[in-house]
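Read-outs throughout are calculated quantities, based only on the coordinates presented, and are distinct from any laboratory measurement. Keep in mind that this is a model prediction, so the values were computed, not measured. Cβ coordinates were reconstructed from backbone atoms using ideal geometry, including for glycine residues, and neighbour counts include every protein chain displayed.
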Amino acid sequence: MEDKSYRARMVAELMVKNLASSRQFWIDLCGFEVVYQREEEGFVFLDRDGAQFMLEEVRGDDGWITAPLEAPLGRGVNFEIKVKSVDAPHKRLVDAGWPLYRQMQERWYRSDNIEIGVRQFLVQDPDGYLLRFSEWIGDRPL
């Protein structure tokens, strides 16, 4: 990320059980960069080309926790992360033996009078949050 002062207007903050494991997944395998961190609080702010997440380790004070945290976390949501190419994160995850939730696929989604084409795959992070890496491949008429 070139401008470390940029903040998206909406940033998901995810509670995680083990920040070290999460950092390895998000940074080493998925290609996110640390914008800033508060190690003493178990917190890190991540960015990958404008896709931003905050990860906060559960440390017992219940902070933002509104119900018991049971795996997999984030049930009912997937985070679409638009990337220029899905190939690099896909290769790192596959080479690391990380299981994919949904294999690489080409999909076309209707948007009014066109279809938007993407190459995508889905993967769960160590806590079960579902990430969908998506690369735009073009538009076509319906």
**Prompt:** How far, in nm, would the chain grow between Tyr36 and Tyr6 when pulled straight, counting 0.36 nm per residue and subtracting the alpha carbon separation?
**Reply:** 9.6 nm
**Request:** Collect residues whose amide H, placed 1.01 Å from N in the peptide plane, falls under 5 Å from the amide H of Ile137; neighbours closer than 5 in sequence don't count.
**Result:** Gly117, Val118, Arg119
**Prompt:** Using modelled amide H (1.01 Å from N, peptide plane; none on Pro or chain starts), what sits under 5 Å from the amide H of Phe79, excluding residues fewer than 5 places away?
**Reply:** Leu130, Leu131, Arg132
**Asked** Within region 1-52, which trypsin sites (Lys or Arg not before Pro) sit in a loop by DSSP and count at most 13 neighbouring Cβ atoms inside 10 Å?
**Response** Lys4, Arg7, Arg9
**Item:** Footprinting exposure proxy for Val86, Val11, Val94 (fewest neighbouring C-beta atoms within 10 Å first)
**Value:** Val11, Val94, Val86
**Request:** Using the Cα centre as the reference, give the magnitude of the dipole from point charges on the C-beta atoms of the chain (Lys, Arg: +1; Asp, Glu: -1; all else neutral), rounded to the nearest 20 debye.
**Result:** 520
**Prompt:** Of Leu14, Leu100, Leu69, which has the largest mean-square fluctuation in a 10 Å C-alpha GNM of the chain?
**Reply:** Leu69
**Request:** Return the loop-located chymotrypsin sites (Phe, Trp or Tyr not before Pro) in region 26-107 (DSSP other than H, G, I, E, B) with at most 15 other Cβ atoms within 10 Å of their own Cβ; answer none if there are none.
**Result:** Trp64
**Request:** Please give the length that would be gained between Gln24 and Lys82 if that part of the chain were fully extended, namely 0.36 nm times their separation in residues minus their C-alpha to C-alpha distance (nm, one decimal).
**Result:** 18.9 nm
**Asked** Rg to Rh for region 54-129: what is it, with Cα atoms only and Rh by Kirkwood?
**Response** 1.06
**Request:** List, in order, the whole-Hz ³J(HN,Hα) value for each residue of region 8-24 obtained from phi through the Karplus relation with A = 6.51, B = -1.76, C = 1.60 and θ = phi - 60°; use x for Gly and Pro.
**Result:** 5, 6, 9, 10, 6, 10, 9, 7, 10, 7, 9, 5, 4, 5, 5, 4, 4
**Message:** Counting C-alpha atoms alone, how compact is the chain: give Rg to one decimal and Dmax as a whole number, in angstrom.
**Reply:** 16.1, 53
**Item:** GluC sites (Glu not before Pro) within region 1-40, DSSP loop, no more than 14 other Cβ atoms inside 10 Å
**Value:** Glu2
